[in-house]
Every structure is written in C-alpha cells, then in structure tokens.
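What follows draws every value from the coordinates through simple rules; no lab data is involved. Remember, it's a predicted structure, so these values are computed and weren't measured experimentally. Here the Cβ is made from the backbone with ideal geometry for all residues, glycine too, and neighbour counts use every protein chain on show.
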Amino acid sequence: MRVLVTGGAGFIGSAVVRRLTGTGAHTVLNIDKLTYAGNLASLQSVHHGPCYEFRQADICDRAAMDAALSAFQPEAILHLAAESHVDRSIDGPSAFIHTNLVGTYTLLDAARHYWTALPAAARARFRFLHVSTDEVYGSLGPTGAFTETTPYDPRSPYSASKAGSDHLARAWHHTYGLPVLVTNCSNNYGPFHFPEKLIPLIILNALEEKALPVYGTGDNVRDWLFVEDHARALIQVATGGEPGRTYNIGGNSERTNLHVVQTVCDILDELRPVASGPRRRLITFVADRPGHDKRYAIDSSRIRTELGWQPQESFETGLRQTIQWYLANDWWWRPIRAAKYQGERLGTAK
C-alpha cells in the first residue's frame, strides 16, 4: 500500500514507519511538524530508502494536508500525530487542544475530500486509522479492564483532547462515510522513546545516578505495551480491521509505577553495575501529579479474536530489550538530554 503516516518522527509513529518500510511491501509518506519530541534520527535506518518520503508539515495546515494527499495519493492514512505527555498538558493545555482537536479535524476533512474524489474501487480500499489512548476512559478501580464500549471519562487536558479527537473521527465515519477505524492503546515503551516519559527517564537518570522520581506512593497501575507489538497491531488494524470499529490494544502487563522503577534499577545493576551500590537507593518519592489516574487496564480480546494479534513481548523481555537499546545507543539520547530535556519535573500545575 501507499501509506501516509502523521507523526512518523515520534515514538510510536517511527516504529510504524520502520515496520512498514522494512519489508519493502509498502511506500510511506511521513508527515511530521518536528516539534520537540519529533526526531528524524529515529528513522535513520530508513531515511534514504526507496519506499520512504518525508514532508515537514503541520496537520493543522489544511493547504499542506491537501497538497500532501494530492501529491502522494495514499491508500491509507495512519494518524499518530499528537501532543501526548500528560504532564506537559497540565502545564500548557493549549497546544494539546490545537494539535489533537483542530489538527485531527483538519486532517479528517482533508481526507474526506480526497477520498470522495477517488474512483469507486480506490474509495472501497481506502482506510483512515485514528490512533488514540486508553486514558480517554478515565480511571479504574482495583478490578476490571477497559473495553471498546467503556464510557469515556477523561481526567487530564491530554486525555480530554484525545477523547474529543476520537469523537471527531467516529463522527466523520458515521456522518460522511469515511472508512475510519479507531484504536485505543495502553502505555507504550521501547527504543527511541523521548525521555520525558517514565521508563526512559528512569533509565537515563539511573545511568547518571540521579534521583529517580516516583509520584505519590508509586502505587498507580498501568498496562505496559512494547512499542513494536503496538506497531504490528496498528498495521493489522489498518489492513484487516472493519471500518467503524474500535480496537483496544494492550500488553496484558499491569505493573505499579514503583515496580517498574525497581525493575529498571535491578536490570541496570545486572547489566551495568556501579561501585556506589544498587540503584534502588536513588528512588525518591515526590508530590503526586495533579489528578493522577489510579489504574488503567486494557481488555484487548477483540483484536486478538478478530485479527489474530497478540503481543510477542512480555513486560520483562520488552523492558530488558529497551534497557539494552539505551545502553547501546547513546548517540540517539545524549543530544536530547543535552539540548531538549534534562529530566526536570513537569506537570506541577503551579
């Protein structure tokens, strides 16, 4: 297929682009604004390949979206461009409303006009995959899991903006017939992850023997999904999913934040020990994030049953691979730590 990927220089987007172009079976146009978290170095392995093209553009720019669609003539759009860090949304929600809501609307409507003008056979094949998060469902109690029919209850500026974008995507399907699919995923982790998020932040702080901040008491629970497993799932949904359907994607790996941090410490102590002692001594409990959701868990039985997808990595195998990657690839993360983000606390709402 000819696939247009938005946000393809980001964490999940770059994993999707690498997988799509890796087989040579698909041609990809990557559209990315290259905000602070967009990094073309994450695509170094495919950048000069014959199946890959990059265009720097903002999804809020309608003329740019129209031009890209007209020139590239995609058979599918995988929409991953988004502002995604909850802490940053607490400090500055405006960018999240603009990109996640206005940007998604702009892209959807550009796609609708492009799709409407296609020949009948091409219209039938076309797909628009909107990629979202489990955070739109709100916070769970000690039991249960989110399903595709769980009512929305977003609690942060980030999750509210993604909830709105989900509703827009479904509205463009039901009102205009645009063949839209929606996915909601659990917390991703893996290589090329911008180090403001928990796992890469803890890995790099632990390597530098800095404090390892844990919000509150560390008992908030997340379901962890290895990014390469997520990329496989998205491609399966885009190629085999049913328009109008939602697919929840989870790793079936619930862990408390404290357990995650402790596990990172233990693996690093094994792979790169330091004379000063076990890294668990660096764990520092800090004031909790405002409005911190207690627990997320995903029921991904629909995508497993209907499309045959399942994660290939457990949390333990995926986390070890991730840590080994950061140890071997400081060429990627050292420039980020030096110039973009040094690990400072975000999201205090002060």
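In a simple Cβ point-charge model (Lys, Arg +1; Asp, Glu -1; nothing else charged), the chain has a dipole of about 280 debye relative to its Cα centre. Among GLY251, GLY13, GLY240, the largest mean-square fluctuation in a Gaussian network model of the chain (Cα springs under 10 Å) belongs to GLY240.
Within the same chain, lysines fewer than 8 places from LYS340 are excluded, and of the rest, those with a Cα less than 28 Å from its Cα are LYS33, LYS162, LYS197, LYS210, LYS350.
List the chymotrypsin sites (Phe, Trp or Tyr not before Pro) in region 121-189 that DSSP assigns to loop (not H, G, I, E or B) and whose Cβ has at most 16 other Cβ atoms within 10 Å. Which are they?
TYR152
Here the spin labels are modelled as points 7 Å beyond Cα on the Cα-Cβ line, and at GLU208 and ALA67 they lie 3.9 nm apart. Along the axis of the charge dipole computed for region 131-217 (Cβ charges of +1 for Lys and Arg, -1 for Asp and Glu, origin at the Cα centre), the listed residues ASN184, TYR215, ILE199 are led at the positive end by ASN184. Comparing mean-square fluctuations of LEU168, LEU271, LEU181 from a GNM of the chain with C-alpha springs under 10 Å, the top value falls on LEU271. Across region 31-43, computed HN-Hα scalar couplings (Karplus, 6.51 cos²θ - 1.76 cosθ + 1.60, θ = phi - 60°) run 10, 8, 6, 6, 6, 4, 8, x, 8, 5, 4, 5, 10 Hz from first to last residue, x flagging Gly and Pro.
Grab the eigenvalues of the alpha-carbon gyration tensor for region 163-277, scale each by 5, take roots, and send me the semi-axes largest first in whole angstrom.
Values: eigenvalues 274, 41, 27 Å².
Computed over region 163-277, the values are 37, 14, 12 Å.
Going from the fewest other Cβ atoms within 10 Å to the most, the residues GLU148, GLU209, GLU344, GLU135 appear in the order GLU344, GLU209, GLU148, GLU135. Could you please report the charge total around ASP330, scoring K, R as +1 and D, E as -1 over all other residues with beta-carbon less than 13 angstrom from its beta-carbon? Its environment carries a net charge of +2. Between amide H atoms placed 1.01 Å from N, distances below 5 Å from PHE285 occur with VAL214, all of them 5 or more places distant or on a separate chain. In the chain, taking the dipole from charged Cβ atoms about the Cα centre, the farthest positive-side position among GLY10, ALA160, HIS47 is held by HIS47.
In sequence order, region 316-332 has phi-based couplings of 5, 6, x, 5, 5, 4, 4, 5, 4, 5, 5, 5, 8, 9, 5, 4, 7 Hz under the Karplus curve 6.51 cos²θ - 1.76 cosθ + 1.60, θ = phi - 60°, and Gly or Pro positions carry x. Compactness of region 226-350 was expressed as the Cα radius of gyration divided by 2.2 N^0.38 Å, which yields 1.32.
Taking amide H as placed 1.01 Å from N in the peptide plane, VAL28 has its amide H under 5 Å from the amide H of VAL3, TYR52, GLU53, each at least 5 places away in sequence or on another chain. Ranked by how many other Cβ atoms sit within 10 Å of their own Cβ, fewest first, the residues ASP166, ASP32 fall in the order ASP166, ASP32. Just checking the listed ones, SER301, SER89, SER45: in the Gaussian network model of the chain with Cα springs under 10 Å, the one fluctuating most is SER45. Karplus-derived 3J(HN,Hα) values for region 250-261, using 6.51 cos²θ - 1.76 cosθ + 1.60 with θ = phi - 60°, are x, x, 6, 9, 6, 9, 6, 4, 5, 4, 4, 5 Hz; glycine and proline are entered as x.
Counting charges near VAL221 (Lys, Arg +1; Asp, Glu -1) among other residues having Cβ under 9 Å from its Cβ returns a value of +1.
Each other residue within a Cβ distance under 15 Å of GLU196 adds +1 if Lys or Arg and -1 if Asp or Glu, for a net charge of +3.
Each residue in GLU242, GLU313 was given a count of other beta-carbon atoms within 10 angstrom of its own, and listing them fewest first yields GLU242, GLU313.
Computed from the alpha carbon atoms alone, the convex hull of region 77-202 holds 127 Å³ per residue.
Here the average projected area of the convex hull drawn through the C-alpha atoms of region 233-288 stands at 6.9 nm².
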